[in-house]
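These notes are about the structure you will find just below.
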Amino acid sequence: MFQILLVAMFSYSFGATPETTAIGAMYADPKKPPVVRRVNVVSEYATVLTSGGRIEGRLNNDPILLKRFSFGWQPLDVLNDVCVLKAQRLPSRVEDHLMIGMPRLNKDRACGATRRDTGPTVEVEAVRRLMRGPFVPYVSVSGSWAMGEWYGGGGGESLYQKHNGRWRLVESGGGAMGVSDMRKYGVPESDWCEFHIVDAKCPSWFDYAPSGRYAHHDSALRTLRSEW
């Protein structure tokens, strides 16, 4: 039986150019690597359209949204929904330029408060550089704690703590972290809502919309809302 061997082109979540970074975020048949079809670069953002690559085992025909940080380009998300682009809060002209020659985005749902980076830029970048990736939709920093989402070979959240001036990984696993995890690692309760902890009772909980990345995350949100 012939079996296609899928291999990761790169083992890190950032790169020198949008093209190489987008290709590196995918898996491919080593005998038929992904091909870059189009690249749009506007300021620190880029969209890269490819063919032949796989993400989470599926062929990807959607653009990849990337952002340039101090350490290089990093994939933010697969751009298959207008809400992914709106989350960056870019000027309309930048959105328009990023989408030139790209497939039309899905607009079937209303956009909630889709996650984006929060916290001091220098700290967000320091944590982003450590993230598992290859896709890192957001990183939130609050005081000496930080949390970010990753996917591309599975998916989940990573928790970091700053100690003696350096960020250190505390936990990284599949799915969304809950209050029990926060208590286990000693994360202050004042940070839980900033990190959108799924079962934390936040005053403005309904401003925090689920990303749709994890089915059990969304299910838990619906359960909590029905109980309230």
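Restricting attention to the range 9-25, the residues being within 16 Å of Leu79 (Cα to Cα) and without any contact (Cβ under 8 Å) to a residue 40 or more places away in the chain number 2. Could you say which residue among Ser51, Ser92 is without any contact (Cβ under 8 Å) to a residue 24 or more places away in the chain, closer than 20 Å to Gly153 by Cα and surrounded by fewer than 14 Cβ atoms within 10 Å (Cβ to Cβ)? Of Ser51, Ser92, the one residue that is without any contact (Cβ under 8 Å) to a residue 24 or more places away in the chain, closer than 20 Å to Gly153 by Cα and surrounded by fewer than 14 Cβ atoms within 10 Å (Cβ to Cβ) is Ser51. Of everything listed in (1) closer than 20 Å to Val136 by Cα; (2) modelled with pLDDT of 90 or more, the single unmet condition for Arg38 is (1). Considering the range 152-162 alone, what residues qualify as being in a strand (DSSP E or B), in contact with a strand residue (DSSP E or B) (Cβ under 7 Å, 6 or more places away or on another chain) and surrounded by fewer than 23 Cβ atoms within 10 Å (Cβ to Cβ)? Gly155, Gly156, Ser158, Leu159, Gln161, listed by residue number. When Thr121 is tested against (1) crowded, with 18+ Cβ neighbours inside 10 Å; (2) modelled with pLDDT of 95 or more; (3) under 27 Å from Glu19 (Cβ atoms); (4) of a type in the set (S, T, N, Q), just one condition goes unmet, and that condition is (1).
Let's see how each residue does on (1) part of a strand (DSSP E or B); (2) in contact (Cβ under 8 Å) with a residue 40 or more places away in the chain; (3) surrounded by 15 or more Cβ atoms within 10 Å (Cβ to Cβ); (4) of a type in the set (S, T, N, Q):
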| residue | (1), (2), (3), (4) |
| --- | --- |
| Val41 | yes, no, yes, no |
| Thr47 | yes, yes, yes, yes |
| Gln88 | no, yes, yes, yes |
| His97 | no, yes, yes, no |
| Asp108 | no, no, no, no |
| Glu125 | no, yes, yes, no |
| Val139 | yes, no, yes, no |
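The values are calculated or read from the model by the stated rules, or taken from the named source; none is laboratory data. None of these values were measured; they are calculated from a predicted model. Please note: Cβ atoms are built from the backbone with ideal geometry, for glycine as well, and neighbour counts cover all protein chains shown.
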